[in-house]
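Working notes for the structure below.
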Amino acid sequence: MRLVFRYALIFLLGLFALDAANAAGRRLVASDVLQIKVVGQSELDTQVRISNDGTINFPYLGRITAAGLGEDELGERIKNGLAQKGIVKRAQVLVTTVEAGVYYLYGFVNKPGQYPLTRDMNVQQALSAGGGIAPLGSDWRLQIRRKMPDGKTMEKSVTLDEEVQPNDTIVVGERIF
């Protein structure tokens, strides 16, 4: 009985940890497009793309670092800035990602190039946005090239269900037959 209780406790703690990680959300990166809404202050509502230096320009606050933060963290930073400057004392700031950066299609695809990355996009959806796989392309010879935090580029074979991340390059290889 004790063993069952111990495993149940470990399982529940794992669920709480997973829930906390999901609440933090993904980290914002350069080229994300954000919708920022200050409740009750429509003149401050802004849609902005994070620049290559990781910042956004927000009315009355100027340049704010956004890359590396979560949506809630950026909202808190804007809220504090508005309060410090006396613009809005108790602001409620909602930040949502409209477009999560970009990805690239390369190889045997109908329309190679750069495309906007929407939330939770997989390889199949990304390829569809680019007109699909070309007649000489193969849906089982797919690779993703991804720049890792240490600066190195990782290349791995993927399936159509693999999640696409910002700045990924999806490479479609030639079919053999």
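No lab work stands behind these numbers, since they all come straight from the coordinates. Keep in mind that what you see is a predicted model, and the values were worked out from it rather than measured. Methodologically, a virtual Cβ is constructed for each residue, glycine included, from the backbone with ideal geometry; neighbour enumeration extends over all protein chains shown.
log₁₀ I(q)/I(0) of segment 102-174 at q = 0.23, 0.24, 0.26 Å⁻¹, via Debye over equal Cα point scatterers, no solvent, to two decimals?
-0.97, -1.06, -1.23
What lysines sit close enough to Lys147 to cross-link, taking a C-alpha to C-alpha distance under 18 Å and skipping anything fewer than 8 places away on the same chain?
Lys156
Dipole size in debye (nearest 20) for segment 91-177 around its Cα centre, Lys and Arg Cβ +1, Asp and Glu Cβ -1? The partial results should precede the final answer.
Working: 9 positive and 10 negative charges, 46 e Å.
Around 220 debye, computed over segment 91-177.
For segment 33-99, state the average projected area of the convex hull of the C-alpha atoms over all orientations, rounded to one decimal in nm². Before the final figure, lay out each step's value.
Working: hull surface 15.8 nm².
Across all orientations, segment 33-99 yields a mean hull projection of 4.0 nm².
Quick one: helix 71-84 against the long Cα principal axis of the chain, what's the angle to the nearest 10°, folded into 0 to 90?
30 degrees
Treating only the Cβ atoms of Lys and Arg (+1) and Asp and Glu (-1) as charged, compute the dipole magnitude of the chain about its Cα centre; round to the nearest 20 debye.
Numbers: 21 positive and 19 negative charges, 80 e Å.
In debye, rounded to 20, the chain gives about 380.
Kirkwood hydrodynamic radius (Cα pairs, Å) of the chain? Mind showing how you got there, number by number?
On the way: mean 1/r = 0.0531 Å⁻¹.
It works out to 18.8 Å.
Taking only Cα atoms, what is the 0 to 90° angle, nearest 10, from helix 2-24's long axis to the longest principal axis of the chain?
For 2-24 against the chain, the angle is about 80 degrees.
Highest mean first, what order results for 73-85, 147-159 on Cβ atoms within 10 Å?
Numbers: 73-85: 16.8, 147-159: 9.7.
Those peptides, ordered most packed to least, come out 73-85, 147-159.
Enumerate by residue number the chymotrypsin sites (Phe, Trp or Tyr not before Pro) in segment 42-128 meeting two conditions: DSSP loop (anything except H, G, I, E, B), and at most 16 other Cβ atoms within 10 Å of the site's Cβ. Show your work: numbers first, answer last.
Numbers: sites: Tyr60, Tyr103, Tyr104, Tyr106, Phe108; in loops: Tyr60, Phe108.
Filter output for segment 42-128: Tyr60.
First measure r as the distance between the Cβ atoms of Asp120 and Asn80, then evaluate 1/(1 + (r/R0)^6) with R0 = 35 Å and state the FRET efficiency to the nearest 0.05.
Working: r = 30 Å, r/R0 = 0.85.
The formula returns an efficiency of 0.70 here.
For Arg175 and Ala129, compute 0.36 nm times the residue count separating them, minus their Cα-Cα distance, and round to one decimal in nm. Don't skip to the end; give the middle numbers.
On the way: separation 46, 0.36 × 46 = 16.56 nm, distance 2.06 nm.
Length difference between fully extended and current span is 14.5 nm.
I'd like the Karplus ³J(HN,Hα) series for segment 132-139: coefficients 6.51, -1.76, 1.60, θ = phi - 60°, whole numbers in Hz, and an x wherever there's a Gly or Pro.
Each residue of segment 132-139 in turn: x, 7, 5, x, 8, x, 10, 7 Hz.
Between Arg26 and Tyr106, what is the FRET efficiency for a Förster distance of 25 Å, r being their Cβ-Cβ separation, to the nearest 0.05? If you can, show how the numbers build up before the last one.
Numbers: r = 24 Å, r/R0 = 0.96.
After rounding to 0.05, the efficiency reads 0.55.
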